[in-house]
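Structure first, commentary second.
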Amino acid sequence: MAGATPKLIKALREQTGAGMLDCKNALNECEGDIDKAVQHLREAGLGKAAKKAGNVAAEGVIAVTVNEENSKATMLELNAQTDFVAKNEN
C-alpha cells in the first residue's frame, strides 16, 4: 500500500481521535496499514503520557453545588497544568 491517503487519514482519525498529522505520520511509517498505524499511535501515546506523568497540575478551580433542600452538596476540584483552563468560565 502507498501510505497515507486523505481517506485513510480520515478513517484513522475517526477510529483513534488522534491528530491529523499524527495519523498521517503513523500511516506513512506503517505503509498504509491502518491496523499497524493504530498500534503505532498507541505506542506513541504511551510515550507521550510517560513524559507528562511528572508534570504538576498546580492551577485549578473548585465548584460547589447544593440541592434545593440543602440536604446534599457536591464539591468538585479540577486541576490543570495551565491557568488558561482554570480561568476559563466554561
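Please state which one of Val64, Val85 is surrounded by 13 or more Cβ atoms within 10 Å (Cβ to Cβ) and either part of a helix (DSSP H, G or I) or over 19 Å from the mean Cα position of the chain (by Cα) (or both).
That would be Val85, the only listed residue that is surrounded by 13 or more Cβ atoms within 10 Å (Cβ to Cβ) and either part of a helix (DSSP H, G or I) or over 19 Å from the mean Cα position of the chain (by Cα) (or both).
Restricting the search to region 67-82, which residues are more than 21 Å from the chain's Cα centre (by Cα) and of a type outside the set (A, V, I, L, M, F, W, C)?
Within region 67-82, Asn67, Glu68, Glu69, Asn70, Ser71, Lys72, Thr74 qualify.
Which pairs have Cβ atoms under 7 Å, sit 6 or more apart or on different chains, and link a residue in region 13-24 that is under 10 Å from Gly45 (Cβ atoms) and open to solvent by 90 Å² or more (accessible area, probe 1.4 Å) to one that is modelled with pLDDT under 90 and among the aromatic types (Phe, Trp, Tyr)?
none
Could you tell me whether Asn70 is of a type outside the set (D, E, K, R), modelled with pLDDT of 85 or more and surrounded by fewer than 12 Cβ atoms within 10 Å (Cβ to Cβ)?
Yes, satisfied.
If Lys36 satisfies all but one of (1) free of Cβ contacts under 8 Å to residues at least 24 places away in the same chain; (2) closer than 18 Å to Gly3 by Cα; (3) assigned to a loop (DSSP other than H, G, I, E, B), what's the number of the condition it fails?
(3)
The values are calculated or read from the model by the stated rules, or taken from the named source; none is laboratory data. Remember, it's a predicted structure, so these values are computed and weren't measured experimentally. Cβ sites come from the backbone with ideal geometry, for glycine too, and all protein chains shown count toward neighbours. Side chains included, ligands, DNA and RNA excluded: accessible areas come from the protein's heavy atoms. Shrake-Rupley method; radii C 1.70, N 1.55, O 1.52, S 1.80 Å.
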